[in-house]
Amino acid sequence: MKKNALFALMAVVPLMVLSCAKEMAVEAPETPQVQADPWTPVDFVEAPALAGDHSVSAGFSSDKTKTHLEMNGAGTYAGLLWNSGDTFRMVGMNSDGYYQTATYSTSSSGARADFSTGSSIAAAYTVSGLHSVSPASAFMGVTFIGSEKHFKVQIPSSQTAVAGGVDPLAILSYAQSTTQDEDLHFKNAVSLIKFRLSGDIVSQVKSISFKGVSNIAGQFYLSLASSEPAFAAGSYGGLVSSREVVLSGDFVAGQDYYMAVAPCIEEGFKMTFSNSDGTKVLKKTSEKTITFNRSTITDFGTINIGNSFPDPEPAPTPYIAATAGASKAVTLCVIPDGFQESELDEYELQAKSGIDALFNTEPYKTYKNYFNVWILKKASNESGANITDGSGNITTARDCYFQSKWGESSYSDMSANESRIDSFIEDNCPDIMDGSHTLQEVPVLLIINDTRYGGIAHTSSNGKTYCMVPTTSGSLAWGYYGVEAASVTAAPNDTREVSSAERSEMVVSTGTWRNTLVHEFGGHSFGRLKDEYWYNSYKSAATSMSTHTWPVPFGLNISVSYVAEETPWAALLEPTNVAKMTATGKSQYTERIGVFQGGDVSMFNRWRSERISCMIDNRCYFSTWQRWLIVNRIMTLAGEATLGIDEFLTNDKPEDPLRDGGSSTMLPEGLVNSIPPTPVPLLPPPVFHEDW
């Protein structure tokens with residue numbers, strides 16, 4: 001399932017790139033790249049600028065106020081004045097995929113100012129109109145997304161404090177014109193946050209951070225489809241956006257200060273006030289939802305920061321601490337949803353039991369000392385999660401902080417508020433806060449205070465992932481299929497019945513919601529494994545898997561070929577390595593590893609390396625190839641060299657607790673479950689995001 005809501009409503013029209021027209025006054029650069037698909041941004045190519053002086057007058061639209069940072073009668077719009085040294089970048093485009101720019105500057109000031117440039121734009125680039133961005137430093141290029149043209153622009157995430165004013169480099173404005181000679185009318189593209197400070201420590205403050213759940217600074221796409229500036233936000237297409245703006249400088253009590261942010265809706269935010277070296281900080285958090293509209297000022301009023309900085313909070317300690325001595329720890333974060341303040345102790349117990357289940361499963365058990373596991377707390381106003389109609393529409397609402405939701409009998413719409421998760425992890429995971437890790441390197445486990453069945457992983461091409469697991473009540477059971485592909489080479493519809501003796505040999509997998517956690521979090525989110533089960537009637541026709549070539553590959557436990565040397569696990573089938581595995585004396589290697597048809601929800605045209613594993617029936621057993629993938633994922637995140645077969649076999653433990661002796665359920669020692677487990681269906685495959 002590919003998810004990309006950002007440009008889903010845009011028209012999809014193939015981009016045709018033509019050869020350079022002969023009458024162009026400048027030599028065109030190399031041929032532009034042909035657009036591969038409608039969702040991948042393709043940059044225009046900038047043509048050399050022409051020499052030639054040119055002047056133009058520029059101001060702000062007549063229906064807005066002209067006084068610098070004052071509000072009009074309705075108390076909404078932010079008007080601006082030009083200052084000496086201000087600049088803008090004028091951009092013209094032709095039909096061949098090229099653009100040309102000219103940078104204008106002024107030495108005057110006021111509501112209107114005269115600007116000039118040393119290079120004008122060739123006529124061939126003006127036929128479809130001109131676009132201008134102020135300041136010139138904000139312009140970063142022109143891009144096709146589908147059939148639409150966009151500017152790539154930047155709102156600085158680091159801004160300079162100006163008493164009574166705004167950092168001029170942060171005030172992004174936009175203008176359109178039909179010719180290069182007409183006067184320009186600029187429109188503000190950003191929103192402004194206004195506040196004042198009071199308290200005895202104001203003079204000690206040297207930086208103020210505003211951090212929310214939405215992207216408010218950094219790089220954006222600015223749509224050219226209409227005359228009104230409109231942002232396309234997010235991390236889509238390689239944009240480097242930020243959820244934080246830092247205002248730095250000297251602050252005086254009672255003075256007005258401003259931050260420029262992109263239009264957005266913030267569902268809660270935090271402001272942090274720091275001294276010069278960051279050793280003393282004061283944090284103020286709000287869960288109020290605020291809408292920042294384009295060209296408006298949102299006045300926070302006077303913020304009293306008191307008479308002293310609070311004592312530093314004690315450093316948190318991880319539930320599991322890395323001791324392997326690797327280049328860096330492999331970090332996991334656990335967060336709650338639907339647990340009220342009075343239930344957070346219960347959450348902590350549940351979280352620890354779930355993490356214990358994961359690290360009692362190989363290869364996590366053997367490589368446990370590579371991990372930092374942080375169990376973070378956040379209370380919800382109500383217990384439980386939202387109930388949907390199975391299609392994402394909430395039918396019974398619960399005020400849970402991360403907004404978890406799914407259907408009563410359908411689990412494929414299971415999701416949470418990704419922005420809130422990202423923001424919370426950025427603000428509270430010590431390994432991210434100290435700069436040693438990024439969001440892309442820290443899988444997140446969301447444990448939900450809900451007894452309904454469910455579980456799903458959301459994962460991105462760049463490695464970022466979160467997994468949702470509710471604390472489903474009772475004992476659960478997952479059975480193997482009664483029908484499977486007749487052979488490794490069987491064509492669709494060629495099936496065979498699985499005998500009761502075969503199913504008995506594999507043993508029925510029984511357990512609790514913790515088994516779901518091992519599958520979803522240990523298998524999908526961290527291990528980046530695809531499901532190996534199938535829907536009885538599903539027959540995949542696809543001959544490739546795009547996730548295999550992602551920047552952080554996903555699904556390498558599944559093959560699109562049954563030919564041994566073409567499978568991802570070909571190394572395990574090489575005679576020399578088979579001999580090494582045989583030499584260990586463990587029959588699990590030679591008896592279980594091979595090529596088996598069925599996987600990735602398809603009974604046919606997909607192959608797996610072993611008949612049964614956690615990725616089929618949630619047993620606490622990952623196949624040999626799955627363990628190899630997980631171990632080398634650990635090594636990669638730890639900054640260490642990946643393992644070859646010899647090093648892997650040194651520490652590998654291939655035993656399946658169900659088939660080779662061991663507990664088939666996850667119950668506390670000394671507790672016997674006399675209630676028969678409830679058979680439950682397979683959970684949906686992970687949700688894939690191209691750029692999240």
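The values are calculated or read from the model by the stated rules, or taken from the named source; none is laboratory data. Note that the coordinates shown come from a computational prediction; the quantities given were computed from them, not determined experimentally. With ideal geometry, Cβ positions are generated from the backbone for all residues, glycine too; neighbour counts draw on all protein chains shown.
Here are a few things to note about the model shown:
- Hits in segment 190-219 - residues which are closer than 17 Å to THR296 by Cα and outside any strand (DSSP E or B): VAL190, ILE216
Listed here are the residues, each with its yes/no results for (1) at pLDDT 90 or above; (2) under 18 Å from the mean Cα position of the chain (by Cα).
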{"position": "GLN180", "(1), (2)": "no, no"}
{"position": "LYS187", "(1), (2)": "no, no"}
{"position": "SER191", "(1), (2)": "no, no"}
{"position": "SER214", "(1), (2)": "no, yes"}
{"position": "GLU228", "(1), (2)": "no, no"}
{"position": "PHE231", "(1), (2)": "no, no"}
{"position": "GLY237", "(1), (2)": "no, yes"}
{"position": "SER241", "(1), (2)": "no, yes"}
{"position": "VAL245", "(1), (2)": "yes, no"}
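- Residue check, GLY661 free of Cβ contacts under 8 Å to residues at least 60 places away in the same chain, at positive phi and surrounded by 15 or more Cβ atoms within 10 Å (Cβ to Cβ): no
Matching residues to (1) modelled with pLDDT of 95 or more; (2) small (Gly, Ala, Ser):
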position: ILE593; (1), (2): yes, no
position: LEU637; (1), (2): yes, no
position: PRO654; (1), (2): yes, no
position: SER664; (1), (2): no, yes
position: ASP691; (1), (2): no, no
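- Residues being within 14 Å of ALA416 (Cβ to Cβ) and of a type outside the set (A, V, I, L, M, F, W, C) - total across segment 373-394: 6
- Single match in TYR364, TYR347 (criterion: in the same structural domain as GLY435 (by TED's automatic domain parsing) and farther than 24 Å from ASN449 by Cβ): TYR364
- Single residue of segment 604-624 satisfying the filter (hydrophobic (A, V, I, L, M, F, W, C) and touching a helix residue (DSSP H, G or I) at 6+ places or on another chain (Cβ under 6 Å)) that is farthest from VAL563 (Cα to Cα): CYS620
- Which listed residue, of THR87, THR117, is farther than 22 Å from LEU239 by Cβ and in contact with a helix residue (DSSP H, G or I) (Cβ under 9 Å, 6 or more places away or on another chain): THR87
- Scanning segment 589-620 for residues that are touching a residue at least 24 places away in the same chain (Cβ under 8 Å), under 17 Å from GLU502 (Cβ atoms) and not small (Gly, Ala, Ser) yields ARG592, PHE596, GLN597, MET603, ARG608, ARG611, ILE612, ILE616, ASP617, ARG619.
- Listing of strands (runs of 3 or more DSSP E) fully contained in segment 352-429 that carry 2 or more residues being modelled with pLDDT of 95 or more and under 30 Å from GLU647 (Cβ atoms): 371-375
- Unmet requirement for MET433, which otherwise passes all of (1) surrounded by fewer than 21 Cβ atoms within 10 Å (Cβ to Cβ); (2) in contact (Cβ under 8 Å) with a residue 40 or more places away in the chain: (2)
- Qualifying residue in segment 279-293 (condition: touching a Lys or Arg at 6+ places or on another chain (Cβ under 8 Å), part of a loop (DSSP other than H, G, I, E, B) and surrounded by 15 or more Cβ atoms within 10 Å (Cβ to Cβ)): no
- Hey, ALA175 outside any loop (DSSP other than H, G, I, E, B) and over 28 Å from ASN275 (Cα atoms) or not: yes
- Residue match in segment 668-684 (condition: charged (D, E, K, R), at pLDDT 95 or above and part of a loop (DSSP other than H, G, I, E, B)): no
- For segment 150-179, filtered to residues that are surrounded by fewer than 18 Cβ atoms within 10 Å (Cβ to Cβ) and among the polar types (S, T, N, Q), the residue that is nearest to ILE265 (Cα to Cα) is SER158.
- Here LYS187, LYS152 are screened, and the one residue that is assigned to a strand (DSSP E or B) and over 18 Å from ASP43 (Cβ atoms) is LYS187.
- For segment 457-478, the set of residues classified as out of contact with any Asp or Glu (no Cβ under 6 Å at 6 or more places or on another chain), farther than 30 Å from PRO551 by Cα and surrounded by 15 or more Cβ atoms within 10 Å (Cβ to Cβ) consists of THR471, THR472, SER475, LEU476, ALA477, listed by residue number.
- Among the residues here, THR317 qualifies as without any contact (Cβ under 8 Å) to a residue 24 or more places away in the chain, of a type in the set (Val, Ile, Thr) and in a loop (DSSP other than H, G, I, E, B).
- For GLN588, the test of being within 32 Å of the chain's Cα centre (by Cα), assigned to a helix (DSSP H, G or I) and either buried (at least 20 other Cβ atoms within 10 Å of the Cβ) or not basic (Lys, Arg) (or both) is failed.
- Filter result (under 22 Å from THR567 (Cβ atoms) and hydrophobic (A, V, I, L, M, F, W, C)) within segment 635-666: MET635, LEU643, ILE645, PHE648, LEU649
- Residue match in segment 401-408 (condition: buried (at least 19 other Cβ atoms within 10 Å of the Cβ) and within 29 Å of ALA315 (Cβ to Cβ)): yes
- Number of positions in segment 440-479 that are within 24 Å of LYS352 (Cβ to Cβ) and either of a type outside the set (A, V, I, L, M, F, W, C) or assigned to a helix (DSSP H, G or I) (or both): 18
- Any hit, segment 219-229, residues being assigned by TED's automatic domain parsing to the domain that holds ASP96, free of Cβ contacts under 8 Å to residues at least 40 places away in the same chain and under 25 Å from ALA47 (Cα atoms): yes
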